[in-house]
Amino acid sequence: MDTNNAIDAFSALAQPTRLDIFRRLIKAGTDGLSAGAVAEAVEGRQNTVSNHLSVLARAGLIEGQRDGRTITYRANFAQAGQLVAFLLEDCCGGRPEICAPLVNTLSCLQPDTAETCCD
């Protein structure tokens, strides 16, 4: 990820409702949520939420898939991972002991290890 892509992603997330939407889509996983379910979850009007979803999609953070009249939105986990990697690219200046707590926290977010280290 280059700096401009990171700025676009951070800009998209720098608004409370969009951040809430993105976090809800992360939580929903690969099942995603319909646009209507997203609007209901954030207690927003359909047209306003649609604009927020468009901003997140343009930043590459989410993807929508149409099925008839319904659009299901999912977080783009690859893009989210690249954004985190961009932030941590030069983490701790070569001193891994400083980064250990952060790496442990991130590894706890993996589905196969969440039960053992994040309880």
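Quick notes
- Answer from Arg58, Arg45 - the residue that is basic (Lys, Arg) and closer than 16 Å to Asn5 by Cα: Arg58
Here's the yes/no breakdown for (1) assigned to a loop (DSSP other than H, G, I, E, B); (2) in contact with a Leu (Cβ under 9 Å, 6 or more places away or on another chain):
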{"position": "Met1", "(1), (2)": "yes, yes"}
{"position": "Ile21", "(1), (2)": "no, yes"}
{"position": "Ala28", "(1), (2)": "no, no"}
{"position": "His52", "(1), (2)": "no, no"}
{"position": "Gln65", "(1), (2)": "no, no"}
{"position": "Ala78", "(1), (2)": "no, no"}
{"position": "Leu83", "(1), (2)": "no, yes"}
{"position": "Asn104", "(1), (2)": "no, no"}
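- Among the residues of the stretch 61-74, those that are under 28 Å from Asn4 (Cβ atoms) and surrounded by 12 or more Cβ atoms within 10 Å (Cβ to Cβ) comprise Leu61, Ile62, Glu63, Gly64, Ile71, Tyr73, Arg74.
- Condition check for Gly68: over 19 Å from Ile26 (Cα atoms) and at pLDDT 90 or above: yes
- Of the criteria (1) farther than 24 Å from Phe10 by Cβ; (2) outside the structural domain of Ile7 (by TED's automatic domain parsing), which one Arg69 fails: (2)
- Considering the conditions (1) surrounded by 12 or more Cβ atoms within 10 Å (Cβ to Cβ); (2) under 11 Å from the mean Cα position of the chain (by Cα), Ser50 is excluded by exactly one of them, (2).
- Residue that is modelled with pLDDT under 95, exposed (fewer than 12 other Cβ atoms within 10 Å of the Cβ) and within 18 Å of the chain's Cα centre (by Cα), where the choices are Ala100, Ala78, Ala14: Ala78
The values are calculated or read from the model by the stated rules, or taken from the named source; none is laboratory data. Everything quoted here is computed from the prediction, not taken from an experiment. When we count neighbours, we look across all protein chains shown, and the Cβ atoms used for this are built from the backbone with ideal geometry, even at glycine.
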